[in-house]
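Following: one structure in structure tokens, then a few remarks.
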Amino acid sequence: LVDLVVRLKGGRFWPVIFDQTKIGTVLVLFAGVPYRGRILPISVYTFEYPWVESRLDSQNQLEHIFLLDIEISLPEGVIPVFIGDRGYARASLLRRSCVRKGCTLFVGGLTP
């Protein structure tokens, strides 16, 4: 899907909108890119809460891997501009997650 979006969208800087929602005891991290008034999904992670994942110490580590996976999946020359709400306002998350392309994190209120 990312390759298709690259061909359709083009450009060097991509807004990548990400957030989290809860369905019962399952939390969903999701991200997408705007295209023609819609959001095209590019990544979805799910996990249970309270935290039961034995391979990672915390949800913060999962968020780091989530953003890193998005960053490295984008084609060469595309720089993500991550847009999330204030729950992601941690400089350490951005510093650790944007290693290849020098991406940017915009934190603000995401209200419809």
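The values are calculated or read from the model by the stated rules, or taken from the named source; none is laboratory data. The shown structure was predicted, so the numbers you read here are calculated from the model rather than taken from an experiment. Positions of Cβ are backbone-derived with ideal geometry, glycine not excepted, and every protein chain shown enters the neighbour counts. Side chains are part of the model used for accessible areas, which takes the heavy atoms of the whole protein and leaves out ligands, DNA and RNA. Shrake-Rupley method; radii C 1.70, N 1.55, O 1.52, S 1.80 Å.
Worth a mention:
- Taking the conditions (1) within 26 Å of Gly11 (Cα to Cα); (2) open to solvent by 40 Å² or more (accessible area, probe 1.4 Å); (3) touching a strand residue (DSSP E or B) at 6+ places or on another chain (Cβ under 6 Å); (4) modelled with pLDDT under 85 in turn, Gly102 satisfies each one other than (3).
- The set of residues from the stretch 16-50 being assigned to a loop (DSSP other than H, G, I, E, B) and open to solvent by less than 70 Å² (accessible area, probe 1.4 Å) comprises just one member, Gly24.
- Scanning the stretch 24-45 for residues that are within 17 Å of Gly84 (Cα to Cα) and β-branched (Val, Ile, Thr) turns up Val28, Val33, Ile39, Ile42, Val44.
- Where a residue in the stretch 35-57 is in contact (Cβ under 8 Å) with a residue 40 or more places away in the chain and its partner, wherever it lies, is not in a strand (DSSP E or B), with Cβ under 6 Å and at least six apart: Ile42/Val2
- Residue check, Thr25 out of contact with any Gly (no Cβ under 9 Å at 6 or more places or on another chain) and modelled with pLDDT under 90: yes
- Of the set (1) touching a strand residue (DSSP E or B) at 6+ places or on another chain (Cβ under 6 Å); (2) open to solvent by less than 90 Å² (accessible area, probe 1.4 Å), all apply to Phe13 but (2).
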